[in-house]
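J.: First the structure, then my questions, so here it is.
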Amino acid sequence: MKEKDLAETVANARNQIEEKRYEAKLLADGFISENIRKYGFAFKGKECLIG
């Protein structure tokens, strides 16, 4: 899927984090929820958006 802008790319990255259930895997591996951060990164040339 081709995103229209960096914000959409970040939103898709964040959605993937939820869909793949990365947090559940980290919790099962013993990480505490306060130490888990969910960020989406998008790059276009020298532009970067983190959300």
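J.: Exactly one of (1) basic (Lys, Arg); (2) in contact with a helix residue (DSSP H, G or I) (Cβ under 7 Å, 6 or more places away or on another chain); (3) without any contact (Cβ under 8 Å) to a residue 12 or more places away in the chain is unmet by Lys44. Its number?
T.: Unmet condition: (3).
Residues are listed down the side, and each one gets a yes or a no for (1) touching a residue at least 60 places away in the same chain (Cβ under 8 Å); (2) assigned to a helix (DSSP H, G or I); (3) of a type outside the set (Val, Ile, Thr):
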{"residue": "Ala7", "(1), (2), (3)": "no, yes, yes"}
{"residue": "Val10", "(1), (2), (3)": "no, yes, no"}
{"residue": "Ile17", "(1), (2), (3)": "no, yes, no"}
{"residue": "Lys25", "(1), (2), (3)": "no, yes, yes"}
{"residue": "Tyr39", "(1), (2), (3)": "no, no, yes"}
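J.: For the stretch 7-26, name all the residues that are surrounded by fewer than 13 Cβ atoms within 10 Å (Cβ to Cβ) and among the basic types (Lys, Arg).
T.: Let us first name the residues in the stretch 7-26 that are surrounded by fewer than 13 Cβ atoms within 10 Å (Cβ to Cβ), namely 15-16, 18-21, 24-25.
Selection gives Lys20, Arg21, Lys25.
J.: In this structure, is Lys4 modelled with pLDDT under 95, out of contact with any Cys (no Cβ under 8 Å at 6 or more places or on another chain) and surrounded by fewer than 11 Cβ atoms within 10 Å (Cβ to Cβ)? Steps first, please.
T.: Numbers: modelled with pLDDT under 95: yes; out of contact with any Cys (no Cβ under 8 Å at 6 or more places or on another chain): yes; surrounded by fewer than 11 Cβ atoms within 10 Å (Cβ to Cβ): yes.
When the stated conditions are applied, Lys4 passes them.
J.: Looking only at the stretch 41-51, which residues are assigned to a loop (DSSP other than H, G, I, E, B) and loosely packed, with under 14 Cβ neighbours inside 10 Å?
T.: Result: Gly45, Lys46.
J.: Of all residues being part of a helix (DSSP H, G or I) and not acidic (Asp, Glu) in the stretch 27-37, which is surrounded by the most Cβ atoms within 10 Å (Cβ to Cβ)? Just the residue, please. Before you say what the answer is, go through the steps one by one.
T.: Step one: of the stretch 27-37, the residues part of a helix (DSSP H, G or I) are 27-28, 33-35.
Next, from what is left, pick out any that are not acidic (Asp, Glu): 27-28, 33, 35.
Details: Leu27: 13, Ala28: 9, Ser33: 8, Asn35: 7.
Once the filter is applied, the top-ranked residue is Leu27.
The values are calculated or read from the model by the stated rules, or taken from the named source; none is laboratory data. Computed from a prediction, not measured in an experiment: that's the story for all the values here. Note that each Cβ is placed from the backbone with ideal geometry, even for glycine, and that neighbours are counted across all protein chains shown.
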